[in-house]
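Undergrad: Sharing a structure, written as structure tokens. Questions coming.
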Amino acid sequence: MDRSQITTLLQAYASGDQHALDELIPLVYNEMHSMAKGRLTGERSDHTYSATALVHEAYLKLVDFNRIDWKNRNHFFAIASQIMRNILMDYTVKQNTQKRGGNNKKVTLGDAHLKKEMNVEEILSIDQALRRLEELDERQAKIVECRFFGGLTIEETANTLGISEPTVNRDWKIARAWLNRELGT
């Protein structure tokens, strides 16, 4: 995949060229699908979203972002990852509302380092803690989002965010420690 071609198409789309989007989607679809699979890794077996459905819903939301000043493909994938997280968090909140009063199903969010059984309240607590971390260190929060919620590797996270792998590794360790302390785990 030609990274500069993706950036050029994103900028053309932001400038109002609707045809650029038609050319862009086939270039980014597979990577978005991999991201969606990562986000869904470990979710409960009866989860409504498939990776394909999550990509399609994220795509519909991204289409509305045609006036963003896209910096590059990494910027695009970072926003796509955040949109997928928001879609799944909205889904979790909706499920929690429907199940208020008990019998919450267990959910597992995927990442080899943080993977554990969690109920809906715990997922919402992690999301709130991540929002607090974002106020303290936006880059660390993005790394957690990519690694924990997106299931991306260190290398994929570094590529998505446009930073070095050692920086991702260092910030990942610091952010995990902060989140574990914040969540009392």
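Undergrad: Taking the conditions exactly as written (in a loop (DSSP other than H, G, I, E, B) and either under 25 Å from Gly162 (Cβ atoms) or modelled with pLDDT under 80 (or both)), does Asn103 satisfy them or not?
TA: When the stated conditions are applied, Asn103 passes them.
Undergrad: Output the number of residues of region 157-171 satisfying the condition of being without any contact (Cβ under 8 Å) to a residue 40 or more places away in the chain, surrounded by 20 or more Cβ atoms within 10 Å (Cβ to Cβ) and under 19 Å from Ile79 (Cα atoms).
TA: Residues meeting the conditions: 3.
Undergrad: Now for a different question. Considering each residue of region 144-171, count those that are closer than 17 Å to Thr41 by Cβ, part of a helix (DSSP H, G or I) and not acidic (Asp, Glu), and give that number.
TA: 8
Undergrad: May I pose another question? Regarding Ser125, is this residue modelled with pLDDT of 80 or more and within 22 Å of Trp172 (Cα to Cα)?
TA: no
Undergrad: Here's a follow-up. Considering only residues that are modelled with pLDDT of 85 or more and more than 14 Å from Asp69 (Cα to Cα), look in region 10-21 and name the one that is surrounded by the fewest Cβ atoms within 10 Å (Cβ to Cβ).
TA: Filtering region 10-21 for residues that are modelled with pLDDT of 85 or more and more than 14 Å from Asp69 (Cα to Cα), the one surrounded by the fewest Cβ atoms within 10 Å (Cβ to Cβ) comes out as His19.
Undergrad: Something else about it: Taking the options Leu88, Leu130, name whichever one is closer than 13 Å to Leu179 by Cα and either surrounded by fewer than 16 Cβ atoms within 10 Å (Cβ to Cβ) or modelled with pLDDT of 80 or more (or both).
TA: Leu130
The values are calculated or read from the model by the stated rules, or taken from the named source; none is laboratory data. Note that this is a predicted model, so its numbers are computed, not measured. No Cβ is skipped: glycine too gets one built from the backbone with ideal geometry, and neighbour counts run over all protein chains shown.
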